[in-house]
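Enquirer: Quick one: the structure is below, questions incoming.
Derivation of every value follows stated rules applied to the coordinates shown; laboratory data play no part. Since this is a predicted model, take the numbers as computed values, not measurements. Counting neighbours? That spans all protein chains shown, and the Cβs are built from the backbone with ideal geometry, glycine included.
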Amino acid sequence: MKIGSDDKKNETLRKAALEYHAFPKPGKLEIKPTKPMANQRDLSKAYSPGVAEACIDIKEDLSAAYKYTSKSNLVAVVSNGTAVLGLGNIGADASKPVMEGKAVLFKKFANIDCFDIEVNEDNPSKLAEIITALQPTFGAINLEDIKAPDCFLVEELCKKNMNIPVFHDDQHGTAIVVGAAALNALKLTKRNFSDIKIVCVGAGAAGIACLKMLITLGALKENIWLLDTKGLVTLKRAKLNKEKEFFAKESDLVSLSDVIEGADLFLGLSGPNILSPEMILKMAPKPIIFALANPDPEIIPEDAKKVAPDSIIATGRSDYPNQVNNVLCFPFIFRGALDVGATEINDKMKIACVESIASLARMASTAEAAAAYKGENLKFGADYLIPKPFDPRLLPVVAVSVAEAAIESGVATRPIEIEEYKRSLQSSVHRSAILMRPVFEVAKATFRRIVFAEGEDERILRTVQDIGEETQDKPILIGRPEVVNRRIEKFGLPIKAHRDFELVNPQNDPRFREYWETYHSLMKRKGITPALARAIMRTNTTAIGAVMVSRGDADSLICGTFGQYLWHLKYICQVLQTPGLNPIGALSMMILESGPLFIADTQINFQPSPEQIANTAIAAARHTKRFGIEPKVALCSHSQFGNLDSDSGIRMRAALKILDNQNLDFHYEGEMHSDLALDPELRKRILPDSRFDGPANVLVFSNTDAASGVRNILKTCAGGLEVGPILMGMGNRAHIVTTSITTRGLLNIAALAGTPVKAYG
């Protein structure tokens, strides 16, 4: 049989999916220890006899389990496989890939550990008994893919008999995301929940839960029309379950075509091709259509748009705008519930989740989301009702709002300090947050004018938005107004020139004559003619920014998002270098899983002299203290404590003598291999009387090849996050970033630039 192109494509996708699940090892989860297990001492604490101490404490106080075990961060994803995706009742065994996938999403988006539990039990009462018996193990339960109406009973019984959160995501997760999308759709169309007619096709768990959520948000029961496979749910029907009975109408209408007349919102959780274009024409103006059946929606969005161009449409698919995806909700509502020790997830917590998700869509998108969804318009509107799953703000915003709601509603058993909690979640999203906190605190208390040479760059524009939220500094952008304004509009940023930032037009600035004359006066005996000075002040934004700093029109310059580092350094030195200010070296803070590690000199001195090495070490130690870290500086070379008379070894030993002749207030040692610097046990074997204990946290290398090589290896192979480079020696008047820098990296540099030198010694 000849296979068509679609069949070949589907078979290719099927093969790729199966290989993904099978290799390099079967499944999508594994268990890893969180404590060291390297020797007999570790073993005696992890198991017998040490484990008994934790057992005794828990026996005396059951809440101690949250202190001594993983319970406070452990969720069970439980299913009996009776309603799996669009596959139906495929059984518990076949549901396991889905449950593993759910567990992976918990870990990925909210760092919650999960066990997937598949149970061969179709009796809802017995299933509830099994789940209830698991309470000692877990901090919360996520029910998944249990058919309706059984799922209602299972959840009801579990919630009644358990003192931990029980959440059926198919119901409430879907309802929360639908609620957020509906909230924003009504804002766009200037409607109120209490005024709209809602028609829902699909009376299963998700449909019922969505309607209940819309009522909680303000919709009126009498304005809701529910249809199932038999048509309109009416009171004339026999043997209605209580969920359907709640929405049953006293009506002779039967078909969707009859009921849809004048509807403001269509909610579909049924099957494909249920809603026709002709039906849409019967709806109210600017109809809201949530066609959420997967994989094929109740109507294809293109068909809906043909008859109602002003319609607002959401689907369950990722290839259309406004994907209603439960991952926007469940990791974060569980995160907030777990962190305050909530005994349940109540309506107040769900509403907090709805409102926080909806609010994120109305904010300007983040650089991370923009990068993840390149080419998509992430500006609030008909095609962007709800945020994207990879928006990093979901965790801190949603989890915090849920935690607050839990505390306010009295179901939290571990109340927390909300601001500190918010900061901790932000640090889990942005690894630099904790280490940068002291710098940001100083930046918030001071006012400095920071000029960005590449003001047209998207990353710079997004950084300006963040600066307004995180610091008191005033950004100054060098760029063409028409380009800057066009890009602000394109990226949907809420910033505005001359309100949120100053804009310097290099092609037409009233200070042009003063600037080129300043530059010419500095460079007239170095081959720069007046004509060339004028040309540079029209075209070279780094030189313009440096002149602004030199004249006092700005306090610090940030440049380097494109171009070579030393090219930018050339103009900074021409304008800003003085007998008291000269580039000592470039320092990068690499944030690793084990903690921060400072690397120098990565850019400035290719083959530094002993004096330059010593000055780099002193400057690096000074900057390390800015982050609240006590510096331990290692002079790194292939030579080790005098064993080689190599060029680098000779220079490093000479640098050590220079340091020894000064009264320094930090620890340093050298020369040594980098492994000895980082491994104190190994260092003790080689040099027992080393000048400091523990691992070094500042590595100063004998050339830029070694320093930049280590920096790049740490970034690419060890997952290191870079803060920097920090240009040392220029009095915080200029910093040169690298072309790979992110928006968050630019914000960190801006905070560093926004700190007066006197604030850090």
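Enquirer: Tell me which trypsin sites (Lys or Arg not before Pro) from segment 508-558 have a DSSP coil assignment and no more than 10 other beta carbons within 10 Å of their own. Mind dumping the intermediate values first?
Expert: Details: sites: Arg511, Arg513, Lys524, Arg525, Lys526, Arg534, Arg538, Arg551; in loops: Arg511, Lys524, Arg525, Lys526.
Of the trypsin sites (Lys or Arg not before Pro), the ones in loops of segment 508-558 whose Cβ has at most 10 other Cβ atoms within 10 Å are Arg525, Lys526.
Enquirer: Then there is this: With the contact rule set at Cα under 8 Å and sequence spacing of 6 or more, what percent relative contact order holds for segment 1-112?
Expert: Details: 53 pairs, mean separation 21.6, N = 112.
For segment 1-112, the relative contact order is 19 percent.
Enquirer: Please report, to two decimal places, log10 I(q)/I(0) for segment 45-164 at q = 0.13, 0.14, 0.23 Å⁻¹ as given by the Debye formula with identical point scatterers on the Cα atoms and no solvent.
Expert: Ignoring solvent entirely, the Cα scatterers give -0.57, -0.65, -1.25.
Enquirer: Something else: Say each of Ala372 and Asn192 gets a label point 7 Å from the Cα, pointing the same way as Cα to Cβ; how far apart are those two points in nm?
Expert: Computed distance between label sites Ala372 and Asn192 equals 3.6 nm.
Enquirer: List the pair-distance distribution P(r) of segment 502-638, using every Cα-Cα distance, as the percent of pairs falling in each 10 Å bin from 0 up to the bin containing the longest distance, rounded to whole percents.
Expert: Pairs per bin, as whole percents: 10, 34, 29, 18, 8, 0.
Enquirer: Please give me, ordered by residue number, the GluC sites (Glu not before Pro) of segment 243-312 that lie in loop per DSSP and have at most 11 other Cβ atoms within 10 Å. Mind showing how you got there, number by number?
Expert: Working: sites: Glu243, Glu245, Glu250, Glu261, Glu278, Glu298, Glu302; in loops: Glu250, Glu261, Glu298.
Of the GluC sites (Glu not before Pro), the ones in loops of segment 243-312 whose Cβ has at most 11 other Cβ atoms within 10 Å are Glu250.
Enquirer: What are the ³J(HN,Hα) values, in whole Hz, obtained from phi via the Karplus relation 6.51 cos²θ - 1.76 cosθ + 1.60 with θ = phi - 60°, for each residue of segment 680-690 in sequence order, with x given for Gly and Pro?
Expert: For segment 680-690, the Karplus curve yields x, 5, 5, 5, 5, 5, 7, 9, x, 9, 4 Hz.
Enquirer: Rounded, prolate or oblate: which one fits the chain, using the alpha carbon gyration tensor with axes a ≥ b ≥ c (rounded when a/c is under 1.5, else prolate when a/b beats b/c, else oblate)?
Expert: Details: a/c = 2.55, a/b = 1.54, b/c = 1.66.
Oblate shape, in that a/c is at least 1.5 and b/c is the bigger or equal ratio.
Enquirer: Let me check I've understood the local charge: for Pro36, count other residues with C-beta under 11 angstrom from its C-beta, Lys and Arg +1, Asp and Glu -1. What total comes out?
Expert: Numbers: positive: Lys35, Arg41, Lys45; negative: Asp42.
That sum, taken over residues with Cβ under 11 Å, equals +2.
Enquirer: I've got another one for you. Loop only per DSSP, at most 16 neighbouring Cβ atoms within 10 Å: give me the trypsin sites (Lys or Arg not before Pro) in segment 621-723, ordered by residue number. Display every interim value, and only then the final one.
Expert: Numbers: sites: Arg622, Lys625, Arg626, Lys632, Arg651, Arg653, Lys657, Arg683, Lys684, Arg685, Arg691, Arg711, Lys715; in loops: Arg626, Arg691.
Passing sites in segment 621-723 are Arg691.
Enquirer: Also, quick follow-up: Quick one: net charge of Ala405's neighbours, Cβ under 10 Å, K/R +1, D/E -1?
Expert: Values: positive: Lys348, Lys350; negative: Asp347, Glu355, Glu404, Glu408.
Once all neighbours under 10 Å are counted, the net charge is -2.
Enquirer: Relative contact order for the chain using alpha-carbon pairs under 8 Å, separation at least 6, rounded to a whole percent? Write out the running numbers ahead of the final one.
Expert: On the way: 1389 pairs, mean separation 64.2, N = 761.
Result for the chain is 8 percent.
Enquirer: Let me ask you something else. Counting DSSP beta bridges in the chain, what percent are antiparallel, to the nearest 5? List each step's numbers first, then the result.
Expert: Details: 17 of 74 bridges.
Of all bridge pairs located within the chain, approximately 25 percent are antiparallel.
Enquirer: Report the semi-axes of the equivalent ellipsoid for segment 172-324 in whole Å, largest first, where each axis is √(5λ) for an eigenvalue λ of the Cα gyration tensor.
Expert: Details: eigenvalues 95, 55, 48 Å².
Value: 22, 17, 15 Å, ordered largest first.
Enquirer: When the helix-only estimate is applied to the chain (DSSP H runs of n ≥ 4, each -39,500 (n - 2.57), divided by the residue count), what is the mean residue ellipticity at 222 nm, nearest 500 deg cm²/dmol? Walk me through the intermediate numbers first.
Expert: Details: 31 runs with 338 residues, N = 761.
That calculation yields -13500 deg cm²/dmol at 222 nm.
Enquirer: How big is the gap, in Å, between the Cα center of segment 424-490 and the Cα center of segment 19-39?
Expert: About 39 Å separates the Cα centre of segment 424-490 from the one of segment 19-39.
Enquirer: If you add up the charges near Thr561, with Lys and Arg at +1 and Asp and Glu at -1, over every other residue whose beta carbon is less than 9 angstrom from its beta carbon, what do you get? Walk me through the numbers on the way to the answer.
Expert: Numbers: positive: Arg459; negative: Glu454, Asp457.
Overall, the nearby charge balance is -1.
Enquirer: If you place +1 on the Cβ of every Lys and Arg and -1 on the Cβ of every Asp and Glu, how big does the dipole about the Cα centre of the chain come out, in debye to the nearest 20? Let's see the in-between values first.
Expert: Values: 90 positive and 90 negative charges, 400 e Å.
Charge dipole of the chain: 1920 debye, to the nearest 20.
Enquirer: Report for segment 585-729 the percent antiparallel among DSSP-assigned beta bridges with both residues inside it, nearest 5.
Expert: Values: 12 of 24 bridges.
Close to 50 percent.
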